[in-house]
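Visitor: Below you will find the structure I want to go over with you.
Please treat every number below as a calculation from the coordinates, not as lab data. Bear in mind the structure is a predicted one, so any value in this text is a computation, not a measurement. Cβ: placed from backbone, ideal geometry, glycine included. Neighbour counts: every protein chain shown.
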Amino acid sequence: MYQHITIVGRLGRDPEMRYTPNGQAVTSFNVATDRQYTDGNGQRVKETTWFRVSVWGKQAETTNQYLKKGSMVLVDGRLTCDPKTGGPRIWKRQDGTEGASFEISANSVRFLSTRSETSAGGGELGEEAPSVPAAGEEDIPF
């Protein structure tokens with residue numbers, strides 16, 4: 001059996017690092033992914049899905065050091081299910097409504113923000129990263 005998930009999004013807050021009792025580093029952070037589409041009535045709809053990500057070992061230390069709120073990342077890993085339900089974790093918000101979060105145990109985290117974006121705060125959540133043309137893109141004949 002095999003399970004794999006890849007997401008690209010922005011951190012909703014600064015990462016938090018801690019150590020397990022045996023000394024292994026673990027860093028946790030939230031990533032928002034956005035999807036925009038036009039519904040049947042012609043209205044623009046923006047949909048945001050949140051993921052909780054856990055990174056272990058040396059990579060946990062690196063992500064904690066270089067990432068911060070607004071950083072864009074690509075996360076590869078596997079979904080971690082709620083042991084009670086087998087689905088996403090269900091929790092109660094402060095206003096009493098229920099929420100659900102998808103949790104990912106990361107195999108790898110790639111930093112997609114440039115150093116200048118990271119030092120400048122990376123922009124607002126959901127804001128698109130500046131478009132940078134690929135090298136030689138203007139040479140493509142079609």
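Visitor: By a straight-distance test (C-alpha under 26 Å), which lysines pair with Lys69 as possible cross-link partners, with residues fewer than eight away in the same chain excluded?
Guide: Once the sequence-local lysines are set aside, what remains near Lys69 is Lys46, Lys58, Lys92.
Visitor: If neighbour count is taken as other Cβ atoms inside 10 Å, put Val26, Val8, Val109, Val73 in order from fewest to most.
Guide: Val8, Val26, Val73, Val109
Visitor: Which order results if Tyr66, Tyr2, Tyr19 are arranged by neighbouring Cβ count within 10 Å, fewest first?
Guide: If I rank by nearby Cβ atoms, fewest first, I get Tyr2, Tyr19, Tyr66.
Visitor: If a/c stays under 1.5 just call it rounded; otherwise compare a/b with b/c (prolate if a/b is bigger, oblate if not). Do that for segment 36-109, with a ≥ b ≥ c from the square roots of the Cα gyration tensor eigenvalues.
Guide: Oblate shape, in that a/c is at least 1.5 and b/c is the bigger or equal ratio.
Visitor: Along the Cα→Cβ direction, 7 angstrom out, place labels at Ile5 and Lys92. What is the inter-label distance in nm?
Guide: For Ile5 paired with Lys92, the spin-label model returns 2.5 nm.
Visitor: Using a cut-off of 12 Å between beta-carbons, work out the net charge of the residues near His4 (Lys and Arg +1, Asp and Glu -1, His4 not included).
Guide: Net of charged neighbours comes to 0.
Visitor: Report the gain in length on full extension from Tyr66 to Ala32: 0.36 nm times residue separation, minus Cα-Cα distance, nm rounded to one decimal.
Guide: Stretched fully, the Tyr66-Ala32 segment lengthens by 10.4 nm.
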